[in-house]
Ligand code: 13P
């Protein structure tokens, strides 16, 4: 069975609720009737109700960009998986490189968040990827192995059924430099083999591994034609409805 692709927008820290509504007003007619792939949009927390309201009669899923692993408590500024579900979120990005780079996210906090997201019934999109220095030093495989091993630690194959992974080489994020389809394929194969070790062959065969890093309307097709690439996580090019629609309908 071929894996259904997931085209997911990561809006990062862009758009107000009104701007989110404007986006969907323009975007929805552009993708109406498009059912080949799944589509998800992950806006900032404060835009979630606006996005969920706008997308409610469509097949578009709405996700968050982060979450905390505790259910509730004195954790100022944090949002739990239960809170995301309560507003109608289905997906959550975990361990994005910007959170690792600027906000102290570690392999261990990624693991705690992943466990909590799966437990709550959210679809986690776990991000892994090497920085430029690691690639240049020949460390890409070691980094990806470590990130997967630690993220997947002590999670059963049964629990991980909904898992999605995104391979985002950090040097390709927001730089206009895209990984070649071949380079992405190598990384995806390695991630899939780590998932097989952690969760078994069946889950690994069904696991969707997205590519992220400067995906644009003009390079999406060659990436998506690779058997190992099961969709995309799109930053900058997902902010404009026409450009995101062109990517989704590559
Ligand atoms: P860009 O598409 O802007 O390179 O961002 C990729 C990304 O970080 C998606 O999570």
Checking 179, 137, 198 against a Gaussian network model of the chain (alpha-carbon springs below 10 Å), the top fluctuating residue turns out to be 137
What's the exposure ranking of 28, 48, 207, going from fewest to most Cβ atoms within 10 Å?
-> 28, 207, 48
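Among 191, 60, which comes first, second and so on when ranked by fewest other beta-carbon atoms within 10 Å?
Numbers: 191 24, 60 21.
Going from sparsest to densest Cβ surroundings: 60, 191.
Mind pulling the per residue volume of the convex hull built on the Cα atoms of region 1-79? Å³ is fine.
Numbers: hull volume 9.4 nm³, N = 79.
Output value, Cα hull per residue: 120 Å³.
Can you give me the relative contact order of region 94-151 as a percent, contacts being Cα pairs under 8 Å and 6 or more apart? Intermediate values should be presented prior to the final figure.
Working: 48 pairs, mean separation 22.8, N = 58.
Here the relative contact order equals 39 percent.
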Counting other C-beta atoms within 10 Å, which of 23, 75 has the fewest, and how do the rest follow?
-> 75, 23
Between residue 58 and residue 175, Cβ-based FRET efficiency (R0 35 Å, step 0.05) works out to 0.65
With no solvent and one point on each alpha carbon, what is the Debye value of log10 I(q)/I(0) for region 117-250 at q = 0.09, 0.16 Å⁻¹?
-> -0.26, -0.80
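Assuming R0 = 41 Å, can you tell me the calculated FRET efficiency for the pair residue 150 and residue 221, based on Cβ-Cβ distance, to the nearest 0.05? Could you put the intermediate results ahead of the total?
On the way: r = 34 Å, r/R0 = 0.82.
Rounded to the nearest 0.05, the efficiency is 0.75.
When N is the residue count of region 6-135, what does its C-alpha Rg come to as a fraction of 2.2 N^0.38 Å? Before the final figure, lay out the partial values.
Working: Rg = 15.1 Å, N = 130, 2.2 N^0.38 = 14.0 Å.
It is 1.08.
If you average the sequence gap of Cα pairs under 8 Å that are 6 or more apart and divide by the length of region 162-214, what percent do you get for the contact order?
On the way: 63 pairs, mean separation 31.8, N = 53.
Normalised by residue count, the contact order of region 162-214 is 60 percent.
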Once label points are set 7 Å from the Cα along Cα→Cβ at both residue 133 and residue 206, what is their separation, rounded to one decimal in nm?
-> 4.1 nm
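Can you give the alpha-carbon Rg of the chain over 2.2 N^0.38 Å, where N counts its residues?
Details: Rg = 16.8 Å, N = 250, 2.2 N^0.38 = 17.9 Å.
So the chain has a normalised radius of gyration of 0.94.
Provide the gained length on full extension for the span residue 193 to residue 78, in nm with one decimal, where the gain is 0.36 nm per separating residue minus the Cα-Cα distance.
Numbers: separation 115, 0.36 × 115 = 41.40 nm, distance 3.33 nm.
So the chain would gain 38.1 nm between residue 193 and residue 78.
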Give, as ranges by residue number, the residues of region 111-132 whose backbone N falls under 20 Å from the point 7 Å along Cα→Cβ of residue 3.
-> 111, 114-115, 117-119, 121-130
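With r as the distance between the Cβ atoms of residue 102 and residue 182 and R0 = 25 Å, compute the FRET efficiency 1/(1 + (r/R0)^6) and round to 0.05. Provide the component values of the computation, followed by the final result.
Details: r = 30 Å, r/R0 = 1.22.
FRET efficiency, residue 182 to residue 102: 0.25.
Let me check against my output: what whole-number percent is the relative contact order of the chain, with C-alpha pairs under 8 Å and at least 6 apart? The partial results should precede the final answer.
Details: 494 pairs, mean separation 52.3, N = 250.
Value for the chain: 21 percent.
Only the coordinates and a few stated rules stand behind these numbers; no lab work does. Please read all numbers here as calculations on a predicted model, not as lab measurements. Neighbour counts run over all protein chains shown; Cβ positions are idealised from the backbone, glycine included.
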